[in-house]
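Here's the structure we're looking at; comments come further down.
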Amino acid sequence: MDTVEVNLVDTLRNQKFISLLLLALLVTYVLPFPFMTNFFHDYSRVKELRDDMIKEHNAIVCHRVLETDPDFFSSQGMKCNDKYYRPDEETVSTGELLVYADTYGKYLEAKRELRRDLPGLKVFAILVFLLSLWFGYSLIDLTVKVSSGYEGGLLGPLLAGLHSLPALVASEALVFAAMFVLLTVFAVPIALFGPVGVLVAGFIVSPAFTLVIPAYYFARRVFPIGEIWRVARGNPGGYLSLGLGLSVVEILTVVAMGYTLSIGLGVLFLVILAAGALHYLLGSLGSLWVYLGHSP
C-alpha cells in the first residue's frame with residue numbers, strides 16, 4: 001500500500017467531499033424519511049405505554065403494601081405515586097407487571113400497529129445498509145484521491161463505490177459470521193455484566209464492520225478479518241475510540257426514536273440527519289484514520 005497522508009481539516013473543507021456527504025445524507029435519510037414516519041410514531045407509542053405500565057405497576061404495588069399497615073409505613077416516610085394509581089380500575093398481570101387493563105389493551109394495540117410497520121422497516125434497513133457501504137466507500141475513495149491532488153468530479157468515486165458494492169456486502173457478511181462466533185464464545189461473560197456488558201461488546205464489535213471498507217479499499221480482500229485484527233492490535237486506542245463514537249451515535253438515535261411523540265417528527269428528523277452525518281464521517285474519515293494508524 002502506498003503511503004497515504006490524510007488531513008482531516010482540509011478534507012472537511014473540501015467542496016467535493018462536502019457535496020458527496022450531502023448527497024449521501026439526501027439519498028440515505030432525507031428521501032426515505034417520510035415513508036418511515038408511521039414506524040417512528042408507533043415505536044414511540046409502544047415505548048411510552050411500556051413506561052406507563054412500569055409506573056402503574058410500581059404505583060399499584062406501592063399502594064397495596066402501604067394499605068397493609070398505613071400508620072407504620074407512613075411513619076417510615078413511605079409515599080406512593082398517586083398519578084398512576086386508580087384504585088377502582090381493573091388490573092391484569094403481564095409478565096412481571098401488574099397494570100390496568102385499559103393501559104395494557106392500548107399497549108397490545110400499539111404493538112399490533114408496530115408489527116404492521118415491520119416490512120417497511122426491513123426494506124429501509126436493507127436500503128440504509130447498502131447505501132452506507134456504497135457512499136462510505138465513495139467517501140474514502142474521494143478522500144484518498146483528494147490527498148493526492150484529485151481534480152475530477154464525484155462520478156468517479158461514486159462508480160468505484162458501486163462497482164465494489166458486491167464485494168463489500170460479502171465482506172460484511174463474513175465479518176458478521178466471525179463476530180457472531182466471537183460473541184457466542186463470550187456470551188456468558190457478557191451476560192454476567194448485564195447491559196454494561198452488552199454496551200462494551202457493542203463498541204468493541206462495531207468498528208469491525210466499519211473497517212471493512214478501508215480494509216477492502218487498500219487490501220482488496222473480501223475476507224478482511226486478518227486486516228481488521230491487524231488494525232485493532234496495532235491501534236487499539238483508535239479502534240476503541242471509533243467503537244465508542246459509533247455506539248454513542250446509535251444510542252442517541254434509538255433514544256430519540258423512542259421519544260418521537262414527545263419531541264416531534266421535525267426534531268427526530270434533525271437528530272437522524274445529524275446522526276447519519278456523524279456515522280458517515282466516522283465510517284469514512286474515522287475508519288480511514290484508524291486503519292492508517294492514526295489516533296482519531
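The values are calculated or read from the model by the stated rules, or taken from the named source; none is laboratory data. Just so you know, these numbers come straight off a predicted model, no measurement behind them. Here the Cβ is made from the backbone with ideal geometry for all residues, glycine too, and neighbour counts use every protein chain on show. Remember, those area values only see protein heavy atoms, side chains included, never the ligands or the DNA or RNA. Shrake-Rupley method; radii C 1.70, N 1.55, O 1.52, S 1.80 Å.
In the list ALA110, ALA160, which residue meets the criterion of being open to solvent by less than 40 Å² (accessible area, probe 1.4 Å), at pLDDT 90 or above, under 24 Å from GLY258 (Cβ atoms) and touching a helix residue (DSSP H, G or I) at 6+ places or on another chain (Cβ under 7 Å)? Lay out the reasoning, then the answer.
Details: ALA160 fails: under 24 Å from GLY258 (Cβ atoms).
From the options ALA110, ALA160, the qualifying one is ALA110.
Mind listing whichever residues of the range 183-207 are within 20 Å of the chain's Cα centre (by Cα) and open to solvent by 50 Å² or more (accessible area, probe 1.4 Å)? Don't jump to the end; show me each part of the working.
Narrowing the range 183-207 to residues within 20 Å of the chain's Cα centre (by Cα): 183, 190, 194-207.
If the condition is that a residue be within 20 Å of the chain's Cα centre (by Cα) and open to solvent by 50 Å² or more (accessible area, probe 1.4 Å), then LEU183, PRO195, VAL196, VAL198, LEU199, VAL200, ILE204 are the ones that fit.
Please give the helices (runs of 4 or more DSSP H) falling wholly within the range 1-93 in which 3 or more residues are buried (at least 18 other Cβ atoms within 10 Å of the Cβ) and in contact (Cβ under 8 Å) with a residue 60 or more places away in the chain.
Values: elements: 8-13, 15-25, 37-68, 70-75.
Correct list: 15-25, 37-68.
Of the listed requirements (1) open to solvent by 20 Å² or more (accessible area, probe 1.4 Å); (2) under 21 Å from LEU49 (Cβ atoms); (3) within 16 Å of the chain's Cα centre (by Cα); (4) without any contact (Cβ under 8 Å) to a residue 24 or more places away in the chain, ILE263 misses just one: (3).
Restricting attention to the range 246-260, the residues that are open to solvent by 20 Å² or more (accessible area, probe 1.4 Å) and not aliphatic (A, V, I, L, M) total 3. Identify all residues within the range 81-102 that are modelled with pLDDT of 85 or more and not charged (D, E, K, R); write none if there are none. Once the filter is applied, which keeps residues that are modelled with pLDDT of 85 or more and not charged (D, E, K, R), the range 81-102 yields TYR84, TYR85, PRO87, THR91, VAL92, SER93, THR94, LEU97, LEU98, VAL99, TYR100, ALA101.
Residue by residue through the range 278-296, note down the ones that are open to solvent by 20 Å² or more (accessible area, probe 1.4 Å) and assigned to a helix (DSSP H, G or I).
Our first condition is that a residue be open to solvent by 20 Å² or more (accessible area, probe 1.4 Å); within the range 278-296, this holds for 278-279, 281-282, 289, 292-296.
Of everything in the range 278-296, those that are open to solvent by 20 Å² or more (accessible area, probe 1.4 Å) and assigned to a helix (DSSP H, G or I) turn out to be LEU278, HIS279, LEU281, LEU282, TRP289.
For a quick check of your reading of the model, give me the residue pairs whose first member lies in the range 167-195 and is without any contact (Cβ under 8 Å) to a residue 12 or more places away in the chain, whose second is open to solvent by less than 70 Å² (accessible area, probe 1.4 Å), with beta-carbon atoms closer than 6 Å and at least 6 apart or on different chains. Filtered contacts from the range 167-195: ILE190/GLY197; ILE190/ALA201.
Go through GLY276, GLY283, GLY238, GLY293 for me and flag whichever is under 21 Å from THR11 (Cβ atoms) and in contact with a His (Cβ under 9 Å, 6 or more places away or on another chain).
Numbers: GLY276 fails: in contact with a His (Cβ under 9 Å, 6 or more places away or on another chain); GLY283 fails: in contact with a His (Cβ under 9 Å, 6 or more places away or on another chain); GLY293 fails: in contact with a His (Cβ under 9 Å, 6 or more places away or on another chain).
Matching residue, one of GLY276, GLY283, GLY238, GLY293: GLY238.
Taking the options ALA215, ALA232, name whichever one is assigned to a helix (DSSP H, G or I), out of contact with any strand residue (DSSP E or B) (no Cβ under 7 Å at 6 or more places or on another chain) and farther than 20 Å from TYR137 by Cβ. Show your work before the answer.
Working: ALA215 fails: farther than 20 Å from TYR137 by Cβ.
Exactly one of ALA215, ALA232 is assigned to a helix (DSSP H, G or I), out of contact with any strand residue (DSSP E or B) (no Cβ under 7 Å at 6 or more places or on another chain) and farther than 20 Å from TYR137 by Cβ, namely ALA232.
Screening SER138 on (1) touching a residue at least 40 places away in the same chain (Cβ under 8 Å); (2) open to solvent by 40 Å² or more (accessible area, probe 1.4 Å); (3) closer than 22 Å to LEU278 by Cβ shows it passes everything except condition (2).
So how many residues does the range 181-212 have that are within 18 Å of GLY238 (Cβ to Cβ) and part of a helix (DSSP H, G or I)?
Taking the range 181-212 as the starting set, the residues that turn out to be within 18 Å of GLY238 (Cβ to Cβ) are 200, 202-212.
Subset that is part of a helix (DSSP H, G or I): 200, 202-210, 212.
Total meeting the criteria: 11.
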